[in-house]
Each structure stands twice: as structure tokens, then as C-alpha cells.
Amino acid sequence: MSDVHGLKKAKELGIRLGEVGGRIVLENEHVRIWEVKVEPGESIDFHIHYHPYAVVSIEGGENEVETIFGDTRATFEPAGATVFIDGMRPVHRLTNKSDVTYLSRLIELKHITWTPEEAPLPTAETPKPTETPAAAAPALSADAMAAFKEILIQTGDLDWAAKSLAGLSQKMLWRNEETGASIGLVRFEKGAGVPEAHAHASNQFMFCLEGKYRYIPTGTTLTPGCFYWNPKGSVHGPTIAEETSILLEIYDGPHYPVRPSWYTNDEDAH
Ligand SMILES: [Fe+2]
Ligand SMILES: [Fe+2]
């Protein structure tokens, strides 16, 4: 029997699960809204969610999610950030890794109640290992396997969405709202570019499909077939597209530590 949701594991470890939030601020037949408040360095109890839910960050947001299996993942949810979870994640807890209070509202949607044996895993979340040895029969139940979906996007069918930097547009292909990681196509019109030196809050990877895209201070120039990567925190730019350029761009976490000056809205900085 697989244990993708970690309930068996929690029991084996003698961990009593807590609530998904600190206190209920509103409840009716449709929703249950929790306050989640975590002081710097503190953790909330291990818990599991039985309903789909949205989280709206109010304050803080640099946390770590730790599953009962010991996997950890940094989250970045500045005030106003929203996350929606559509499947049953393994038992987990949240630790505030910043020096400010984390405060959010967690809104459970009561019209769906998951049972661990049948619940889907969340979209874009990898199932966690089970106790089954690697050499044994498949570790995931049929239900868990059914949670995997193939998704095909014909990028030619998508429209370019203009961003608030002149000459830049994108086609977002995949995004993990929880971690901020993303994969998208970006297009710089000839003469456009990122106007200032900057650093990213995660590793950035680009594959040039068309054009000629140059990092001005170093002269590093991407042409079709070039793969570029830029480690988290390294300062680079400004840049210029010497020809209209199309790049497949991948971030393994949030794009920027704070919204850069050349964007006029937060959405463009994601
Ligand atoms: Fe949670
Ligand atoms: Fe950059």
C-alpha cells in the first residue's frame, strides 16, 4: 500500500497532526477561512489538507515547507501573493525562515472533500517517495498514477502578451504558483532590452530560438541554439536585442527579489 500522502509515515513517527491554520476567521457552508500566523523561526504543526484551498499572503512570506518525508522547499509569497492548491499534498508543515511575521488567509473550499485513498495529488507537484523499496512493485497507487497528466501546448496558438517593459512580450507556458518557478517564451523586439543591471532570486536558464540578444557589460550574446544560464543572485545586464529575439526562459524559483523598476506591475515580475 503506498503512502503518497504520508499519513502512515506520520503515524509511525507518532506525530499528531494539527489544524491547517491558527484560527478560523470565517466559516459558512461554502468556505472555511483560516488565519495562518507564523513568527520568525517558528513552525506550525504538521497537517494535511482535506479540501482544495487558496492562500493569500498578507505579510512576510519567506517560508519553508517540509513534508513528513523530509523534503523541503522554499516558498516566496510576498504580501498579496496567492496560491491555489488543487490536490492533496503529503503531510507537511511550514516554518517561517524570515525575520518578520508571516501572516496569511487560507481559504478552504468545502464543496470538495478529499479522502487520502482517492485524492488527486496537486497539479505540478511531484509525488513523494513511499516506504516501498525501489526494486519492488510500483510505489504509487493507481489513483496516484492517474493524477499524472500529459499536457501539450502548441505555442503557435498562444498570443504574445505585452509586458510593461516596451518591446517585451511573453507566452507563459508553465508556472508553479507556490514556488514561483516558470517556463515561458519571451520576445524582445529589435532595440528593446532590460535597461538596468539586476540579479534574479533564482537560477535563470535561457535557450535562444531566434535573434541576437546581447548582455551589454560582458558582450555575452545569445544567438539561435545558444543555451545560457545565470546563477541565482549574479548581477547581469543591461541587455539589448540587436535583432528581434525569442528565448525560452526558465526560472527555478521566483524571478526577482523585489519588483524591478522597469515593470509597472507585480504580475510582469513573475
Ligand atoms: Fe498546509
Ligand atoms: Fe535578467
Unmet criterion (only one of (1) touching a Pro at 6+ places or on another chain (Cβ under 8 Å); (2) under 22 Å from ASP252 (Cβ atoms); (3) polar (S, T, N, Q); (4) modelled with pLDDT of 90 or more) for THR101 = (2)
Filter region 85-112 down to the residues that are part of a loop (DSSP other than H, G, I, E, B), of a type in the set (A, V, I, L, M) and buried (at least 18 other Cβ atoms within 10 Å of the Cβ), then identify the one that is nearest to ligand 1 (Cβ to nearest atom).
-> VAL91
Name, by its number, the condition in (1) at pLDDT 90 or above; (2) in a loop (DSSP other than H, G, I, E, B); (3) surrounded by 11 or more Cβ atoms within 10 Å (Cβ to Cβ) that does not hold for ASP159.
-> (3)
Within region 14-36, is there a residue that is assigned to a helix (DSSP H, G or I) and closer than 22 Å to ARG73 by Cα?
-> no
Criterion (in contact with a strand residue (DSSP E or B) (Cβ under 9 Å, 6 or more places away or on another chain) and over 26 Å from HIS255 (Cβ atoms)) met by exactly one of ILE24, ILE15, ILE85, ILE58 = ILE24
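The values are calculated or read from the model by the stated rules, or taken from the named source; none is laboratory data. These figures come from a predicted structure and were not determined experimentally. Positions of Cβ are backbone-derived with ideal geometry, glycine not excepted, and every protein chain shown enters the neighbour counts.
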